[in-house]
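Structure, as structure tokens:
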Amino acid sequence: DHKHAIDRDCTTLSRHVLQQLQSFSADAQDLSALMNRIALAGKLIARRLTRSGLVEEALGFTGDTNVQGEAVKKMDLYANQVFISAFEQSGLVCRLASEEMEKPYYIPENCPIGRYTLLYDPIDGSSNLDININVGSIFAVRRQEGEDLDESASDLLQPGHNQIAAGYILYGPSTMLVYSIGHGVHAFTLDPNLGEFILSQENIRVPDHGPVYSVNEGNFWQWDESIREFTRYVHQHQGYTARYSGALVGDFHRILLQGGVFLYPGTARKPEGKLRLLYESAPLAYLIEQAGGRASTGIQDILEVMPDEIHQRTPLIIGSRENVALVESFVQRDT
Ligand code: AHG
Ligand code: MN
Ligand code: MN
Ligand code: MN
């Protein structure tokens, strides 16, 4: 009906947050404004990505190496700065930590200081940037604990259960923002003509079982035998299909909607795996649990892991509860 159509078009992110919280408290207003800033960052990054073949400084490498030892792409730095700029002068966030920064970025004293911390992966799947395949941004919001913003940022080293919001932006054929503030998982699609993210899917539930398994089988010989056993099992059983894009956000989004499991196990070179807990695995673990799925290191729930440094990596097994349990049964068979 007409009313419904207009109403739906007006369900923007900031309004949806207030609806979710059923409150207009200061905290609710803060979160609503904070999600709006995330949306702004997403729009700015999407705009640059859609023109990346046309604007000089969007493609290719900067020549630097980040704290992870990875070659930094120009888009990595651009997107990293976009999130900082979106939150300076916002009065919402006091500190930002990301894959591309060795130490957290502190909002300067002369800016209004907020009560939240933003942990983010500004561009996830950077290896897809120069070949025009989807990439994403991942974010997690936590409350600022304690007063002293000491350099060690020890208050950031908390398990994923302490997240109060998490989500990602998927820069694909459409630009989607998927988030949760603890009341289910919801997706918004960017309407470029409006310049707004409009609600497109509410209360997304991941199927208990799914056909997709998503893993880089090029690492097969670096894996623990238990993971090799798991892949032999899915090779020998009907009903599985392999999908791997090289960007966690895109692979995760497929599994969130269709079911299955994504895994990035430990390898000989990286025994703890490649994915970073605070701004990749923990935010996605928060989402998948809100959608009725699971996320595990193989031994422990991701949301229980106690990080001891900001860029800590863990193995990641995430998706439908039955598919995750199957992988865990292999991993735990030896223990
Ligand atoms: P990022 O681009 O933020 O460094 O993350 C890349 C990650 C993740 O997006 C993806 O699933 C994984 O790296 C792919 O790693 P491999 O190329 O080793 O499979
Ligand atoms: Mn990277
Ligand atoms: Mn990433
Ligand atoms: Mn990244």
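The values are calculated or read from the model by the stated rules, or taken from the named source; none is laboratory data. These numbers come from a predicted model, not from an experiment. Please note: Cβ atoms are built from the backbone with ideal geometry, for glycine as well, and neighbour counts cover all protein chains shown.
Mind telling me which of the residues Arg232, Arg228, Arg276, Arg254 ends up being surrounded by fewer than 23 Cβ atoms within 10 Å (Cβ to Cβ), of a type in the set (Lys, Arg) and either touching a His at 6+ places or on another chain (Cβ under 8 Å) or closer than 27 Å to Ile169 by Cβ (or both)?
Arg254
Have a look at Phe262, Phe252, Phe188 and point out the one that is closer than 22 Å to Pro122 by Cα and in contact with an Asp or Glu (Cβ under 6 Å, 6 or more places away or on another chain).
After applying the criteria, what remains is Phe262.
Inspect all residues belonging to segment 247-254 and state whether any of them is within 16 Å of ligand 2 (Cβ to nearest atom) and either without any contact (Cβ under 8 Å) to a residue 12 or more places away in the chain or of a type in the set (Gly, Ala, Ser) (or both).
yes
Any idea which residue in segment 37-64 is nearest to ligand 4 (Cβ to nearest atom), counting only those that are at pLDDT 95 or above and of a type in the set (Val, Ile, Thr)?
Per the criteria, the residue is Ile45.
Only residues that are part of a loop (DSSP other than H, G, I, E, B) and of a type outside the set (Val, Ile, Thr): list them for segment 10-26, please.
Within segment 10-26, Cys10, Gln22, Ser23, Phe24, Ser25 qualify.
Given the options Ala33, Ala46, Ala79, name the one that is under 26 Å from Val178 (Cβ atoms), in contact with a Pro (Cβ under 7 Å, 6 or more places away or on another chain), touching a residue at least 24 places away in the same chain (Cβ under 8 Å) and surrounded by 15 or more Cβ atoms within 10 Å (Cβ to Cβ).
Only one candidate qualifies: Ala79.
Of the residues that make up segment 168-182, is at least one touching a Pro at 6+ places or on another chain (Cβ under 8 Å) and small (Gly, Ala, Ser)?
Taking every residue of segment 168-182 in turn, none turns out to be touching a Pro at 6+ places or on another chain (Cβ under 8 Å) and small (Gly, Ala, Ser).
Quick one: is Arg115 at pLDDT below 95, away from ligand 2 (no atom under 13 Å from the Cβ), surrounded by fewer than 19 Cβ atoms within 10 Å (Cβ to Cβ) and among the basic types (Lys, Arg)?
yes
Collect the residues in segment 262-286 that are among the hydrophobic types (A, V, I, L, M, F, W, C) and assigned to a strand (DSSP E or B), keeping them in residue-number order.
Phe262, Leu263
Name the pairs whose Cβ atoms lie under 6 Å apart, with the first residue in segment 291-310 and over 23 Å from Glu102 (Cα atoms) and in contact (Cβ under 8 Å) with a residue 24 or more places away in the chain, the second small (Gly, Ala, Ser) and part of a loop (DSSP other than H, G, I, E, B), and 6 or more positions between them or separate chains?
Close Cβ pairs (under 6 Å, with a partner that is small (Gly, Ala, Ser) and part of a loop (DSSP other than H, G, I, E, B)) amount to Gly293/Ser320.
For segment 150-207, which positions are touching a strand residue (DSSP E or B) at 6+ places or on another chain (Cβ under 7 Å), part of a loop (DSSP other than H, G, I, E, B) and either charged (D, E, K, R) or within 11 Å of Leu13 (Cβ to Cβ) (or both)?
Ile181, Glu202
Among residues belonging to segment 109-149 that are assigned to a loop (DSSP other than H, G, I, E, B), farther than 11 Å from Val93 by Cα and in contact (Cβ under 8 Å) with a residue 24 or more places away in the chain, point out the one that is nearest to ligand 1 (Cβ to nearest atom).
So the residue we want is Gly125.
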